[in-house]
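This report refers to the structure that appears directly beneath it.
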Amino acid sequence: MEKLRAAVLGSGNIGTDLAIKLRQSPLLECSALIGRSLASTGLARAQAEGIPVSAAGVEHILGNPDAFDIVFDATSAAAHEEHAPLLEAAGMLVIDLTPARRGPLCVPSVNMDAVAGNLNINMVTCGGQASSPIAHALGETHDDIDYVEVVSSIASRSAGPATRRNLDEYIHTTEAALQFFSGARRTKAILNLNPAVPCINMQTTVFAKVRDPDVSAFTRRLEAMVQEIQRYIPGYEIIVAPKLDAGRIVTMVRVIGRGDYLPAYAGNLDIINCAAVAVAENYASRRLGDANTATPRLRVVP
Amino acid sequence: MTGRRILVSDPSLRDGNHAVRHQLTPAQVAEYCHRADAAGVPLVEVGHGNGLGASSLQLGEAAASDAELLGAAREALRTSQLGIHVIPGFATIDKDLKPALELGVDVFRVAAHCTEADLTERFITFARNAGRTAYGVLMMSHMASPEVLLEEARKMEAFGAEALIIMDSAGYYLPDDVRQRIRVLVDGLNIPVGFHAHNNLGCAMANSIVAVEEGADILDGCSRGFGAGAGNAQLEVMVPVLHRLGYETGIDLYKVLDLATFAEKEIMEVVPIISSTSVVSGLSGVFSGFLKPATRIANDYGVDARDIFFELGRRGIVAGQEDLILEVAQDLAGRKAG
């Protein structure tokens, strides 16, 4: 079966985990994991796994534009702003795993099809992927949401340099997604990096202030949503069911990863990477479906 | 050694906000600042207990905004500097630091958990580029070895921090723990080192003294210990003790004593004591600020708050993860029922 060819730009924790995950995809192949140094941990690991690597950065893609159909950008928000226009001009679908928020925000369980026509799709943040479906379920079951707050805790070891440098962008983008998906008037995002060893699992708590809270309707909607999410990220589960605590709605989820690159505690890698793969596969199935009746040479056009 | 100047910094109006569920008012801040300024306290820290931008359901919503509290303080402080505590991950430069700059904050104490110094780079750089003073603060410092703390502290120094404070956020340290860490930091850094105590195990003052003996130049002290959990080192005790040991602080004894009396009568709901739960909070190495939410949730679930603290400690939970109290309580209640 023919596959679309993907480049993963950025060989940090997210990019390397993503490249390894792509090996499981029936519709995508990782044609290159691209970093800046062949000696980096990520590129070394990918080489050991037999994944093609390059240390030439975005130039590797721009110099071989016919070799790739999709680019996953797992660099940083600032680097994405530089890469994206060049990649888009080359006609590639760019799936943005940085919090740059250049393209529309996408959470697969909520709006994958709605953003499918775009050339640049933003995968929000790890905390945003974990919490936006919850925020959306809240929005679907409540007319008047004053405030949604999301607190995510991740293991210190799962956060690489770019994640750390982009903490402010993480917060701003997560808050924008919460507002977009819930319709709340005000939102707040908090991220904790926990230094404990052994490492803590990724957890996300959502608090909400709503008028006329309907916990049971929200719970039913959320449970349906969680089943959707588990189709692409099986380690996503509710660990504190929705309840009223001190007058606010609270619920908590845990994300256990598949342990592809970092151990299973790093569910923060899985939640955004599995979402990105879901978006890319959705796109690939459309393109490959078309390809059977159209030209054999795939050329990605929005 | 004798005659050395110790910078005594007063975070009563920040750490103390934990003790009143972040309900400090601009009027209280103004009154307190006016008296602290008159007493010659060189640095007064103001804000939500968890610092700038931290008002939230997770940590407690503040009665007054950062801008209202800082504005009230700025107006009242003539010679004392105005400081803030800020944790990347709660606050951002655009939302919080830029407004704080406009409000005239002098000292930006940029904090991260003990192994997370690299999170502070942009904030420290921002404050320095704006011409303000920036300190690096390592919280929950008992979770890291002296060597790891030094490594993290050196990052902060490289980012431009002009002093380095370690916090005993859980009140876990005994004097020798402090001695080891401060010695390594003083030897390994070219910037002043400071210590922020909590009193869970009754060692706040002894630990502070040990810190200056080992070369620390900055100590945090709060009026009547007004701070999270069992409270901090008492400012009005620290000042005369330092004087008696031969250090200088520039702080007036009677006025700092009066400041503490004022705080007790006009600001504090209760003077911090080492409650039985606080002892366990210290022993388990859990952030002192968890005391109030853990006590409330333990009641709701009919479980023992001490069990919650030991379980949180076992998991290595840090300040900011208050949401896990609920999960642990639910888990304990389930085990009890099962």
So the FRET efficiency between A:ARG286 and B:ALA158, C-beta based with R0 = 56 Å and rounded to 0.05, is 0.70
Two pseudo-spin positions, 7 Å from Cα along C-beta at B:ARG314 and at B:LEU253, lie apart in nanometres by 5.0 nm
With a ≥ b ≥ c from the Cα gyration tensor eigenvalues, square-rooted, and the rule rounded for a/c under 1.5, otherwise prolate when a/b > b/c and oblate otherwise, region A:165-241 is oblate
Computed over chain B: longest principal axis from alpha-carbon atoms vs helix B:253-266 long axis, angle to nearest 10 degrees, is 40 degrees
Under the 7 Å Cα-to-Cβ spin-label approximation, B:SER145 and A:ASP214 lie apart by a distance in nanometres of 5.7 nm
Tilt, helix A:126-141 to longest principal axis of chain A (alpha-carbon atoms), in degrees rounded to tens, equals 50 degrees
The orientation-averaged projected area of the Cα convex hull of the protein assembly as shown, in nm², is 28.3 nm²
Under the helix-only model (-39500 (n - 2.57) for each DSSP H run of 4 or more, divided by the residues of chain B), the mean residue ellipticity at 222 nm, to 500 deg cm²/dmol, is -14000 deg cm²/dmol
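With a sphere of radius 10 Å drawn around the Cβ of B:VAL271, what net charge do the other residues whose Cβ falls strictly inside it have (Lys, Arg +1; Asp, Glu -1)? Show your work: numbers first, answer last.
Details: positive: B:ARG224; negative: B:GLU264, B:GLU269.
Combined, the nearby Lys, Arg, Asp and Glu give -1.
Can you give the helix-only mean residue ellipticity at 222 nm for chain A, where every DSSP H stretch with n ≥ 4 adds -39500 (n - 2.57) and the sum goes over all residues, rounded to the nearest 500 deg cm²/dmol?
Numbers: 10 runs with 120 residues, N = 302.
The helix-only estimate for chain A comes to -12500 deg cm²/dmol at 222 nm.
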Taking chain B, the lysine pairs whose C-alpha atoms sit under 25 Å apart (8 or more places apart or on different chains) add up to 5
For A:ILE239 and B:GLN23, extending 7 Å from Cα along the Cα-Cβ vector and measuring point to point gives, in nm, a value of 3.2 nm
Inter-part gap, Cα centre of region A:47-63 to Cα centre of region A:129-162, in whole angstrom, is 33 Å
For chain A, the longest principal axis of the Cα atoms and the Cα long axis of helix A:267-291 enclose an angle in degrees, to the nearest 10, of 60 degrees
FRET efficiency for B:ARG296 and B:ASP176 from the Cβ-Cβ distance with R0 = 35 Å, rounded to 0.05, comes out at 0.50
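For chain B, what proportion of DSSP beta bridges, expressed in % and rounded to the nearest 5, is antiparallel?
Numbers: 2 of 35 bridges.
The antiparallel proportion sits near 5 percent.
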With bins of 10 Å, the percent of all Cα-Cα pairs of chain B per bin from 0 is 6, 28, 37, 23, 5, 1, 0
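For B:TYR32, what charge total do you get from the other residues with a beta carbon under 10 Å from its beta carbon, if Lys and Arg give +1 and Asp and Glu give -1?
On the way: positive: B:ARG35; negative: B:ASP10, B:GLU31, B:ASP37, B:GLU266.
So the surrounding residues net to -3.
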The relative contact order of region A:126-266, taking Cα pairs under 8 Å that sit 6 or more residues apart, comes to a percentage of 30 percent
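Throughout, read-outs are computed from the coordinates displayed, never taken from laboratory work. Given the structure is predicted, the values throughout are model-derived calculations rather than measurements. As a convention, Cβ positions derive from the backbone with ideal geometry for all residues, glycine included, and neighbour counts pool all protein chains shown.
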